[in-house]
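Here the structure is laid out as structure tokens; the discussion comes afterwards.
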Amino acid sequence: MLRGLTEPHEREAPIALAAEPGGRALLLGLTRTARLAGACLGMTVTQARAIVPLLRVMRARQADVDAAQAALQDLGLSFAPRIEAESGRVFFQVGDLGSLYPSEQAVAQATRTQATQLGLAVRVTIASSKGLARVGTRAGEIVILPGTAEAAKARLAGLPLTVLDLDEETHRTMRDWGIKTVGELASLPGPEVTLRLGANGAHFHQLANGMDAEPFLPQPPADAIEEGTEVDYTIESLEPLSFLLRGLLDRALQRLACRSLACAGLTLRLSLTPRGFAVREIALPSPTREASILLQLVRLDLERRPPDTGVVGMSILIRPARIRSTQLDLFRPNGPAPEQLAATIARLSALVGPEHVGTPCVVDSWKEEVMVIEPPMVEPATRPVPRERPRENRRDGHDEAKATLGIRRFRPPRDVEVLIGPTGPAALRGRETTARILVAAGPYRMSGEWWAGGGFCREYWDVHASDGALYRIHQDRETSRWYLDGYYD
Amino acid sequence: MLGGGWPRGALSEVYGPRSSGRTSVLYASLGAVLQKGAAAALVDAESALDARRAEQAGIPLRQLLWVCASQSQTLKSTELLVSAGGFALVALDLGDLLPHLPPTTWIRLRQVAQRQGTAVLLAAGFPLAGSFSATSVHLQQKNVDFGRQACARFRPRLGIDDHTLARAHPPLVTALASSVSLDRGRRSAEQAAHCSLFFQEPLRASASGEWT
């Protein structure tokens, strides 16, 4: 829950998080400075302030609580494909990690290290069941309980009863009986405990004996990753919004990295003041893990379409995708690495807009200027089929190479005035050029697409103008207006 | 004429007025690179690319990375592409634009190209890179052919006479010839002299009048 503290000075100050205002609220999170000063989790605010007078108590925002819980789940997913989550805890099986880590201690230490990278302070227990794992997290930072019930019982024997998290009635009964440790509870006869304390008592007795029948029920991971935050003031400009957004993106991408995934697209939801939301969809040409690229794309979108009012909260929903590894070809020339190319494409999209980066594609249309731009291909292409190269030959003693004549399009076609002479177009006048027409070739009439509702009928001419250029012009037969399509070059 | 194509790791430019053939040279260069399986990108300052013509020029469109940038974004986009590495050719098509750029722009671009081993080809209406380009080619229009595209094989079947056929298929541009002069390059001016480029329409009439 302290993940929401993004300022460096906040992380070094004695700060605690509480679920609700007031002196009796329990502390849910502490910075390292507050912990070292003597405050502990589970204390009330009043108790903590008595020990640490300079303690600053912040209210835990629900968005931060939810984000921390989601990050905890991603922590589990980074070690095992199946997890079970409950409030403030995540369970996962470590039996398959023997080939990756030399010992259970190493697994526990790696878990804490990964959690630190995600901004979480966790306690890790490795046990044979969920119930024993819960007991272990109350006993210490890293607890390894043996696999057999007898050994686990011996390990838990000396611990106080508080590790079992007894309900109030059972706790009172234990106090009345003079039972103070887990070992003393385990030594009681089981049927008698069940008779006097009921099912609850039987459950605690079983735990004290190192036994637990609670099954592991894995849940599928969430399809999307969500991070959010709320603020107590109104954000009116882009800079502070970008600062908060960067923190959210960093946390979300760290969680993606736990799952070995990348961001394929994100949805930004801004909570506006006094009420309402603004939603922005950010599309990516290819999955990426670079926060700077995502931030640049979001900034670009917000600069184009800023929210109507101030912002009091935001959340991002990231759609994860796998980065596919590609096999390069020994016989193809070196090309850009797919991941590097994806990052470059994302940067280009942030610079010029995603709709201006891609591969051109011919559209099946009778209009010759129509084309679309498709998302760029990131993976290396298959080997091309060798085509016949244009033959070089000598003509009149000169070296001559032949190639296809290209044309440069004006997008959109430019309006132009055409003066008509006895043999056809005689002169052009417009923004692009004003010139006499030396040679006019045409007309070539084309019409079609009347079946699709937006039919056209045009008359094309190729004209050699006195400015030296070879223009392609057409007249729309329905409106009689002339347009400059482009020029051969 | 160039003595081995556009040099890698260097800046090259091809310039000329409208209809001198620089776009056709650009398409041919991109097609030649992409046909070999290498990567190429085109930064288009005027969004002037014609996909049909590019495909007919031998450019496999699915392998071409096309960036439509405004005048102020073209150099930055080109730098990003060249810096990424792995591209055999990055072409910058400025068209008829005349951007006012400091010389340091070309120095920086040349240095990045040198580091990555990428050939950068600049196509513009005027020489822009000056002495910072390793190769500079000047194109000038020499001749334009207007041919008549006749479809002889359909004539007997449809009973169309020559006059009607001429009206139905009027002449259009069939070819453009350009003279080439090498301002700067690996070969000397004498070695590179007497060169011309002949650009043909993809669909042209042969001597027999059949479609080809």
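Here are the numbers for the structure shown:
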{"read-out": "Between segment A:438-489 and segment A:210-252, the alpha-carbon center distance in angstrom", "value": "57"}
{"read-out": "Segment A:77-136: GluC sites (Glu not before Pro) in DSSP loop, at most 13 other beta carbons within 10 Å", "value": "none"}
{"read-out": "Calculated diffusion of segment A:12-143, Stokes-Einstein form, Kirkwood radius summed over Cα pairs, 4 °C and 1.567 mPa s, µm²/s", "value": "81"}
{"read-out": "Restraint check, A:K153/A:K180; B:K36/B:K142; A:K130/A:K153, Cα-Cα greater than 25 Å", "value": "B:K36/B:K142"}
{"read-out": "Counting DSSP beta bridges with both ends in the protein assembly as shown, the antiparallel % (nearest 5)", "value": "70"}
{"read-out": "Semi-axis lengths, Å, segment B:1-49, gyration tensor of Cα atoms, sqrt of 5 times eigenvalues", "value": "19, 15, 11"}
{"read-out": "Over chain A: helical MRE at 222 nm, DSSP H runs n ≥ 4 each giving -39500 (n - 2.57), nearest 500", "value": "-9500 deg cm²/dmol"}
{"read-out": "Fraction of the pair-distance distribution of chain A above 44 Å, Cα-Cα pairs, percent", "value": "43"}
{"read-out": "Computed over segment A:225-321, Cα set: Rg, Dmax in Å", "value": "12.8, 39"}
{"read-out": "log10 of Debye I(q)/I(0), alpha-carbon scatterers only, for segment A:124-222 at 0.15, 0.21 Å⁻¹", "value": "-0.56, -1.04"}
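Every read-out reported here was derived from the displayed coordinates using simple, explicitly stated rules and does not represent laboratory data. This one's a predicted model, so the numbers in the text were calculated from it and none came from an experiment. FYI the Cβ positions are ideal-geometry reconstructions off the backbone, even for glycines, and counts take in every protein chain you see.
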